[in-house]
1. What's the number of the only condition in (1) open to solvent by 30 Å² or more (accessible area, probe 1.4 Å); (2) assigned to a loop (DSSP other than H, G, I, E, B); (3) hydrophobic (A, V, I, L, M, F, W, C); (4) under 19 Å from VAL123 (Cα atoms) that ALA36 fails to meet?
2. Is there any pair with a first residue in region 94-111 that is more than 17 Å from TYR67 (Cβ to Cβ) and a second that is of a type in the set (Val, Ile, Thr) and assigned to a loop (DSSP other than H, G, I, E, B) whose Cβ atoms are under 8 Å apart and which are 6 or more apart or on different chains, and what are they?
3. ASP107 - would you say it is farther than 20 Å from PRO117 by Cα, of a type in the set (Asp, Glu), open to solvent by 60 Å² or more (accessible area, probe 1.4 Å) and at pLDDT 95 or above?
4. Using the structure shown, decide if PHE23 is open to solvent by 20 Å² or more (accessible area, probe 1.4 Å) and under 15 Å from the mean Cα position of the chain (by Cα).
5. When region 48-77 is examined, which residues are found to be in contact with a Lys or Arg (Cβ under 7 Å, 6 or more places away or on another chain) and more than 18 Å from ASP119 (Cβ to Cβ)?
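The values are calculated or read from the model by the stated rules, or taken from the named source; none is laboratory data. It should be emphasised that the depicted structure is a prediction, and the values quoted were computed from it without experimental measurement. Note that we place each Cβ from the backbone using ideal geometry, even for glycine, and neighbour counts take in every protein chain shown. Quick note on the areas: whole protein, heavy atoms, side chains included, nothing else; ligands and nucleic acids left out. Shrake-Rupley method; radii C 1.70, N 1.55, O 1.52, S 1.80 Å.
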Amino acid sequence: MTQGKAKVMRMEEAFWELPPGHFQAFSKLLVHPTNADTRYFDFRISSYQPRGYAEVHSHEVAENLYYILKGRGVVELDGVRHLVEPHTVIHIPPGVRHGIFNTGLEDLVFIVVASPPSDMPVVESRRSVKD
């Protein structure tokens, strides 16, 4: 069994990226197969500007977890809208149609964890500062 390579980085080392289907909604890929020795995780921080959103969509096999750090907005899950604010956790199983919208007056900042990463939208990542 081969051992993977560990990774340590600061968030500021990664560039903000705009995933497909996202509008005024940026993410930093912190741990992802494109920049870390992982096959199982897509771990990112997202920041949606006021009026920013991700279009409603679903994933065939990926589970998503969102953890709201700052701001307020709405997450839509299979057509049902829920208000979200700091310390809200959202679990999205595969097949659930979902979107998230910043309906507040400040940036909506949240952590996203998805597995497997192969079922997430491809982001043409600019390299981290260290690369």
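1. Against the list (1) open to solvent by 30 Å² or more (accessible area, probe 1.4 Å); (2) assigned to a loop (DSSP other than H, G, I, E, B); (3) hydrophobic (A, V, I, L, M, F, W, C); (4) under 19 Å from VAL123 (Cα atoms), ALA36 comes up short only on (1).
2. PRO94/VAL61
3. Working: farther than 20 Å from PRO117 by Cα: yes; of a type in the set (Asp, Glu): yes; open to solvent by 60 Å² or more (accessible area, probe 1.4 Å): no; at pLDDT 95 or above: yes.
In short, no.
4. Working: open to solvent by 20 Å² or more (accessible area, probe 1.4 Å): yes; under 15 Å from the mean Cα position of the chain (by Cα): yes.
So PHE23 fits the description; yes.
5. Passing the criteria: only VAL74.
So that you can scan it fast, the table gives a plain yes or no per residue for (1) in contact with a strand residue (DSSP E or B) (Cβ under 8 Å, 6 or more places away or on another chain); (2) at pLDDT below 95; (3) not hydrophobic (A, V, I, L, M, F, W, C):
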residue	(1), (2), (3)
ASP37	no, no, yes
GLU63	yes, no, yes
LYS70	yes, no, yes
VAL74	yes, no, no
GLY95	no, no, yes
THR103	yes, no, yes
SER115	yes, no, yes
